[in-house]
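Down below is the structure, laid out as structure tokens.
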Amino acid sequence: MRIFQDSSAPNPRRVRIFLAEKQIEIPFEQIDLANQQQLGERFLAINPLGELPVLELDDGSYITETMAICRYFELLHPDPCLFGNSPREQAEVEMWNRRMEFHLLLNVAHCFQHSHPFFAGSKPQSSDYAEISRQRAGEDMVLINTWLTERPFIAGDKFTVADITALCAIDFARVVNIRIPDSSDNLADWHQRVSARPSSSA
Ligand SMILES: N[C@@H](CCC(=O)N[C@@H](CS)C(=O)NCC(=O)O)C(=O)O
């Protein structure tokens with residue numbers, strides 16, 4: 001088993017933190033996005049979408065998509081539980097993780113893709129869309145701050161995969177200078193607590 005990843009990218013970091021929380025050790029192989037290694041013939045044969053992370057299983061087959069990889073390890077190693085226990089808890093973790101993924105992380109990623117020199121020349125860029133995404137990501141953070149008045153973690157009382165997604169989105173947002181808004185004290189406090197977990201350095 002091994003995981004293809006890039007150490008600077010947010011989606012592979014979600015998997016690294018997930019594995020660190022479960023104390024699972026798997027070898028990583030760096031696919032350098034900066035050198036467009038994800039678009040090389042060798043990697044496209046692994047994942048035709050040219051995206052990281054990818055898990056290679058011992059039989060030589062591959063699982064792509066961050067959440068699919070995390071779910072696989074959740075089932076293999078249920079403790080600590082990061083996707084919720086009861087049906088109700090699982091539905092809530094799913095809901096919160098999707099909110100973090102399809103709103104916050106996607107808006108941050110779109111701002112990056114449309115404004116950062118990293119993708120200049122290799123992906124179409126629109127500065128207008130970058131600014132819209134930047135603004136939306138800021139609005140997402142304000143909303144999450146409100147939600148965190150009622151709960152210590154994103155999905156409730158426990159640290160879950162939804163916290164991992166939000167942490168990776170917020171840390172990556174710094175690359176395009178999107179910061180936790182000044183008045184968002186709950187979010188800042190949450191960020192400090194989850195960043196203090198040993199897994200955050202994974
Ligand atoms: N939905 C995918 C998104 C993966 C994704 O966009 N990965 C980025 C790194 S964070 C990537 O490989 N980008 C390469 C590119 O866009 O060329 C997942 O969660 O696995």
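The values are calculated or read from the model by the stated rules, or taken from the named source; none is laboratory data. Everything numeric here is computed off the predicted structure, so don't read it as measured data. Cβ atoms come from the backbone with ideal geometry, glycine included; neighbour counts cover every protein chain shown.
Values computed for the structure shown
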quantity: Failed item in (1) free of Cβ contacts under 8 Å to residues at least 24 places away in the same chain; (2) outside any loop (DSSP other than H, G, I, E, B), with Q125 passing the rest; calculated: (2)
quantity: Out of E150, E131, sole residue that is over 26 Å from D32 (Cα atoms) and at pLDDT below 95; calculated: E150
quantity: Filtered residues of the range 49-65 (kept if buried (at least 17 other Cβ atoms within 10 Å of the Cβ) and within 11 Å of I3 (Cβ to Cβ)); calculated: L52, P53, V54, L55, E56
quantity: Residues (surrounded by 13 or more Cβ atoms within 10 Å (Cβ to Cβ), touching a strand residue (DSSP E or B) at 6+ places or on another chain (Cβ under 7 Å) and not aliphatic (A, V, I, L, M)) located in the range 17-28; calculated: F28
quantity: So D163, is it part of a helix (DSSP H, G or I), under 16 Å from the mean Cα position of the chain (by Cα) and modelled with pLDDT of 95 or more; calculated: yes
quantity: Scope the range 80-129; condition within 16 Å of the ligand (Cβ to nearest atom), more than 22 Å from W147 (Cα to Cα) and surrounded by fewer than 18 Cβ atoms within 10 Å (Cβ to Cβ); matching residues; calculated: H116, P117, F118, F119, A120, G121, S122, K123, P124, Q125, S126, Y129
quantity: Condition broken by I180, with the remaining ones in (1) under 24 Å from S8 (Cβ atoms); (2) in a loop (DSSP other than H, G, I, E, B); (3) over 18 Å from the mean Cα position of the chain (by Cα) satisfied; calculated: (3)
quantity: Verdict on A137 being more than 16 Å from the ligand (Cβ to nearest atom) and aliphatic (A, V, I, L, M); calculated: no
